[in-house]
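What follows is calculated from the coordinates using simple rules that are stated; it is not laboratory data. These numbers come from a predicted model, not from an experiment. Neighbour counts run over all protein chains shown; Cβ positions are idealised from the backbone, glycine included.
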Amino acid sequence: MIDFDVVIIGGGPAGMAAALSAIKQDVSVLLIERDKRLGGVLQQCVHNGFGLHYFNEELTGTEYAERFEQSVLSSSVKVMLDSFVIDIKADKTLTVMSAEEGIVHISAKSIVLAMGCRERPAGAIAIAGDRPCGVWTAGFAQKLCNIKGKLVGKRIVILGSGDIGLIMARRMTYSGAKVLMVCEIMPYSGGLKRNIVQCLEDNDIPLYLSTTITDIVGKKRVEGVHIAQVDSKMNVIESTKRYIECDSVLLSIGLIPENELIRDIGVEMSRITQGAVVDETRQTSISGIYSCGNVLHVHDLVDNVSREGELAGYHAALYAKSSEPLGNKKYKVIASEGVRYALPQLINAENIVGDGSGTVKLFFRVGGVYSNSAVVVKCEGREILRRPKPVFSPGEMESVVLKTKDITGDIYIGIENLPHN
Amino acid sequence: MKKEYTCIMCPMGCSLTVTEGKSGIAVSGNSCRRGAEYAIQEYKDPKRIVTALAFTDVVNCVVPVKTDALIPKGKITDVLAVVSQLKISLPISLGQVVVSNVCDLGANIIVTRTLGAIGKR
């Protein structure tokens, strides 16, 4: 059994930030990564738009990852690559399968979960039709294209207008494929406006809203798809059905936090985020186990992932040094009208830790498109924050900053429509 | 002359219309000043950073590159054509210039990921 103060699982942006933040507290830190190199999904994010908030300049995902990678490798963080955590127990012992060292048993004082998320596969949406070769998740096609230099097809239909789908529409076009269209079943896109303009409009790729693939056609290889519009109840409108000839389908239909590792140890989970329920220090329901990044909730900006990693890493280090006694009493953060979820879901009642500046930052996502509205936060019947905004959209993670002195009970966060003038 | 754009300055995504007449350029559909500035820039001289993949001397391994300055949108295809002809020897480091002053646009093509030095993949 090898002992470490803080063990971090996952060497993507969340894990690297957590490791760098923990090591500053003079504790021993082990960072475990299953890939042969640190960086996680950023290794295949060759497009730019990263780091505007964190580094105050626009970087590609690969550049962003490499800055953190350099810092980790030049620090005293112990890094285990090519290693997979196969078991974790509530007493904070881990079993790791390492390519170099075989099975390794590790004991930690605190653990940071930073395993990220994976893509929803074709099976999750039950498309009818054949099961030929040529149906890919957008992120996997991205990995093949951007790391291996392989193009998965030449005539592409993309289902789902999440950011990965939009980014891949441009990448496949730049790499010589013809992207015929992006179909989105919702009446609005799940991606950022910037990506719709610079990935689709720049390349004359049509985006069809309220449209889905009804079935895939092809014996060995995809030969085409049927697409159709859907009504407001998501029922296919048969009269709009048409056939599109293509050789590949890319799916960008959502992400799932990769939490299998903690499913059996009793960490309280949120059904909405599919991540752990955490307090403002990102501690889960098992004391000493922290969660951050996309394994906690799916982010749209890596800058926020890095900040959350730093927060979790810092508190995990304090826990390992036993210098942060937190009480058991916690206030709840409750998502009401219009808000799909808010995070953290709990705030320590006796000793609100916040971010050190006397504030607690709440992240939230809305459940639909709300224009001319305000986010309103209430505590014990009092309104403690109100912020109007022209548009709230489910595709963009929002945040509000609360003063810790205002938090005297459970917190309610909701969206209110503003009267039209 | 009339052209339409979707504003990307904020999530509102206003539909912008730029009209050029005898009295100059006018923007409509915007909700704020930033929207008008964006529309005029897009109308007069749209620019982008281009990111792409270049082949290397290692099988099944490409290296990501980008232009280190904004280039005119209309020149993207030309820049991609230059990148597609490259064959880069590994190892190579982040920031290394592989094409200087690409297509005479005043921008270099630089590598955005260190490859070969830390570990081949």
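Counting each DSSP H run of 4 or more residues in the protein assembly as shown as -39500 (n - 2.57), what helix-only mean residue ellipticity at 222 nm follows after dividing by all residues, to the nearest 500 deg cm²/dmol?
Result for the protein assembly as shown, helices only: -4500 deg cm²/dmol.
Report, in cubic angstrom per residue, the convex hull volume of the C-alpha atoms of chain A.
Working: hull volume 67.3 nm³, N = 421.
Taking only Cα atoms, chain A has a hull volume of 160 Å³ per residue.
Compute the Rg/Rh shape ratio of region A:1-89: radius of gyration over Kirkwood radius, all on alpha-carbon atoms.
Details: Rg = 13.5 Å, Rh = 13.5 Å.
Looking at region A:1-89, the ratio lands at 1.00.
Using only the Cα atoms of region B:51-111, each taken as one equal point scatterer with no solvent, compute I(q) by the Debye sum, divide by I(0), and report log10 of the ratio at q = 0.15, 0.18, 0.23, 0.29 Å⁻¹.
-0.40, -0.56, -0.89, -1.32
Which residues' amide hydrogens lie under 5 Å from the amide hydrogen of residue A:218, considering only partners 5 or more residues apart or on another chain, with H built in the peptide plane?
The answer is A:130, A:223.
Take every Cα pair under 8 Å in chain A that's 6+ residues apart, average their separations, divide by the length, and report that relative contact order as a whole percent.
Details: 1044 pairs, mean separation 65.9, N = 421.
After rounding, I find 16 percent.
Full extension from residue A:322 to residue A:371: what is 0.36 nm times the residue separation minus their Cα-Cα distance, to one decimal in nm? Spell out each step's value before the answer.
On the way: separation 49, 0.36 × 49 = 17.64 nm, distance 4.65 nm.
So the extension gain works out to 13.0 nm.
Can you list residues from other chains, or at least 5 along the same chain, whose modelled amide H is less than 5 Å from the amide H of residue A:28?
Counting only residues 5 or more places away or on other chains, the set is A:5, A:6.
When Cβ neighbours within 10 Å are restricted to other protein chains, what is their mean count per residue of peptide B:62-69? Write out the running numbers ahead of the final one.
Numbers: counts 8, 5, 11, 3, 7, 1, 0, 0.
Neighbouring Cβ atoms belonging to other protein chains average 4 per residue here.
Stokes-Einstein D for region A:192-251 at 37 °C, 0.692 mPa s, Kirkwood Rh over Cα pairs, in µm²/s?
Working: Rh = 13.0 Å.
The estimated diffusion coefficient comes to 252 µm²/s.
Cα atoms only, chain B: Rg and Dmax in Å?
Taking only Cα atoms of chain B, I get Rg and Dmax of 19.1, 61 Å.
Could you give the alpha-carbon Rg of region B:2-44 over 2.2 N^0.38 Å, rounded to two decimals? Before the final figure, lay out each step's value.
On the way: Rg = 9.5 Å, N = 43, 2.2 N^0.38 = 9.2 Å.
Against the compact-globule rule of thumb, the ratio is 1.04.
Each residue of region A:97-104 in order: what ³J(HN,Hα) in whole Hz does its phi give by Karplus 6.51 cos²θ - 1.76 cosθ + 1.60, θ = phi - 60°, with x for Gly and Pro?
Calculated HN-Hα couplings, in order: 9, 10, 4, 8, 10, x, 7, 10 Hz.
Within 10 Å of each candidate Cβ there may be at most 16 other Cβ atoms; applying that plus a DSSP loop requirement, which GluC sites (Glu not before Pro) in region A:269-356 survive?
Those that pass, being in a loop and sparsely packed, are A:337, A:350.
Mind listing the long-range amide H neighbours of residue A:289? Cut-off is under 5 Å, sequence gap 5 or more, other chains count too, H placed in the peptide plane at 1.01 Å from N.
A:111, A:284
Rounded to the nearest 20 debye, what is the charge dipole size of region B:51-111 about its Cα centre when +1 sits on each Lys and Arg Cβ and -1 on each Asp and Glu Cβ? Please list the in-between numbers first.
Numbers: 4 positive and 4 negative charges, 24 e Å.
Result for region B:51-111 is approximately 120 debye, rounded to the nearest 20.
In peptide A:184-197, what is the residue-averaged number of other protein chain Cβ atoms found within 10 Å of each Cβ?
Details: counts 0, 0, 0, 0, 1, 1, 0, 0, 3, 9, 7, 1, 3, 7.
Mean shielding count: 2.
In sequence order, what are the phi-derived ³J(HN,Hα) couplings for region A:158-174 according to the Karplus relation 6.51 cos²θ - 1.76 cosθ + 1.60 with θ = phi - 60°, rounded to whole Hz, with x for glycine and proline?
Rounded to whole hertz, the list is 10, 9, x, 10, x, 4, 5, x, 5, 4, 6, 4, 5, 4, 5, 5, 4.
Could you grab the relative contact order for chain B? Cα pairs under 8 Å, six or more apart, rounded to a whole percent. If you can, show how the numbers build up before the last one.
On the way: 220 pairs, mean separation 21.8, N = 121.
Answer for chain B is 18 percent.
For peptide B:46-54, what's the mean number of Cβ atoms from other chains within 10 Å of each residue's Cβ? Intermediate values should be presented prior to the final figure.
Values: counts 2, 0, 3, 6, 3, 12, 6, 9, 1.
Mean shielding by partner chains, rounded to a whole number: 5.
Per-residue HN-Hα couplings for region A:227-235, Karplus 6.51 cos²θ - 1.76 cosθ + 1.60 at θ = phi - 60°, whole Hz, x for Gly and Pro?
Each residue of region A:227-235 in turn: 10, 7, 7, 10, 8, 5, 9, 6, 7 Hz.
For a Förster distance of 51 Å, can you work out the FRET efficiency between the beta-carbons of residue B:55 and residue A:86, rounded to the nearest 0.05? Don't skip to the answer; put the middle values down first.
On the way: r = 37 Å, r/R0 = 0.72.
The computed FRET efficiency comes out at 0.85.
For region B:2-44, what's the relative contact order in percent, using C-alpha pairs closer than 8 Å and at least 6 residues apart? Please report the intermediate quantities before stating the final value.
On the way: 65 pairs, mean separation 15.1, N = 43.
That works out to 35 percent.
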